[in-house]
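Right, one structure below, let's go through it.
Readers should treat all values here as calculations from the given coordinates under stated rules, not as data from a laboratory. Note that the structure is predicted; figures quoted are calculated from it, not measured. We place every Cβ from the backbone using ideal geometry, glycine too, and count neighbours over all the protein chains shown.
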Amino acid sequence: MNVQTLIERSALFAVNHSGGKDSQAMFAKVKAMVPADQIVAVHAVLPEVEWDGVREHIEATIGDTPLLIAHATKTFFEMVESRGKFPSPKYRQCTSDLKRGPINRELRRYLKANPRFGGLIVNCMGMRAEESPNRARLQEFKLNAANSKAGREWYDWLPVHDMLEGEVFAAIREAAQVPHWAYGAGMSRLSCCFCIMASTADLTIAAKLNPGLYRRYVKTERRLDFTLSPSMRSLPEITGIAA
Ligand code: SF4
């Protein structure tokens, strides 16, 4: 089985869209390959912690493609408070509980409501090999056996896995689009404003651009005696910005 065969079999192509540059370049690539009536975009909202204008940016860059919005049963801060700690890069409950789980639920619901796809789905995600050794090891295309049940045939595809950062921005330019405004403000990545895996530069820029949210993270760090960063340095220690 390959992507071309799945296009010909009229599979649904679901483009996971965070609003970030990789999602945007991925959407442009999928759109150029797959008939429009076989594509949906799906976004997991992260209330309170994602960048302003993410949903509007997605809507402005996907044209007439339907946008599915996936909601988690709890917010990032509710998850942190109930666990008494921030997630870690090794145990990323934020990704599984707030993004992957809700998106998979929404896609199952959409497939059920649209029987013309016959349960056949290609879940497109924007991980790139260049980002980390773990991501480099990911398989670009595979059957997702765990999700292939109850009449579903589910494949996972990483359309931009081999693209370099410069090629991602070039693909966005070629689509006559611009990335989300936070890149222009200096951010290298998008999604949560303050990510557990963010660089010092990104955390510092995010703190300057979102002072109220920054104070909330710092207060939470102090109350739980647990840092957002796995380096065990507090946000003010990392950014040099008092709160
Ligand atoms: S952006 Fe970072 S903190 Fe937010 S859900 Fe993803 S891994 Fe977790």
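Per-residue ellipticity at 222 nm for the chain, helices alone: DSSP H runs ≥ 4 residues times -39500 (n - 2.57), over residue total, nearest 500 deg cm²/dmol?
Taking each H run of at least 4 residues, the total per residue is -11000 deg cm²/dmol.
Given a 10 angstrom Cα cut-off, can you work out which residue in Gly53, Gly119, Gly166 is the most mobile in a GNM of the chain?
Ranking Gly53, Gly119, Gly166 by mean-square fluctuation puts Gly166 first.
As a footprinting exposure proxy, order Cys94, Cys124 by other Cβ within 10 Å, with the fewest listed first.
Lowest to highest Cβ neighbour count: Cys94, Cys124.
Per residue Cα convex hull volume for the stretch 26-82, in cubic angstrom?
89
Relative contact order for the chain: what is it in percent, counting Cα pairs under 8 Å that are at least 6 residues apart?
Numbers: 367 pairs, mean separation 54.1, N = 243.
In percent, rounded to a whole number, it is 22.
Using the 10 angstrom Cβ neighbour count as an exposure proxy, how do Asp64, Asp22 rank, fewest first?
Result, fewest neighbours first: Asp64, Asp22.
Return a single number: how many Lys pairs in the chain, at a sequence separation of 8 or more or on separate chains, have alpha-carbon atoms below 17 angstrom apart.
So the count of such lysine pairs works out to 8.
Suppose each label sits 7 Å from its Cα in the direction of the beta carbon; what would the Ser148-Ser88 distance come out to in nanometres?
So the label points at Ser148 and Ser88 sit 3.4 nm apart.
Just the number, please: Stokes-Einstein D of the stretch 193-243 in µm²/s, Kirkwood Rh from C-alpha pairs, 4 °C, 1.567 mPa s.
Working: Rh = 10.5 Å.
Rounded, D is 123 µm²/s.
Determine the gain in length on full extension of the stretch Arg223-Gln4; use 0.36 nm per residue of separation and subtract their C-alpha separation, reporting nm with one decimal.
Gain on extension, Arg223 to Gln4, equals 73.6 nm.
Just to be sure I understand: of the beta bridges DSSP finds with both ends in the chain, what percent are antiparallel, rounded to 5?
20
Just to be sure I follow: if Rg is taken over the C-alpha atoms of the stretch 3-165 and Rh is the Kirkwood radius over the same atoms, what is Rg/Rh?
Radius of gyration over Kirkwood radius for the stretch 3-165 works out to 0.95.
Along the Cα→Cβ direction, 7 angstrom out, place labels at Arg116 and Ala136. What is the inter-label distance in nm?
Modelled inter-label distance: 4.3 nm.
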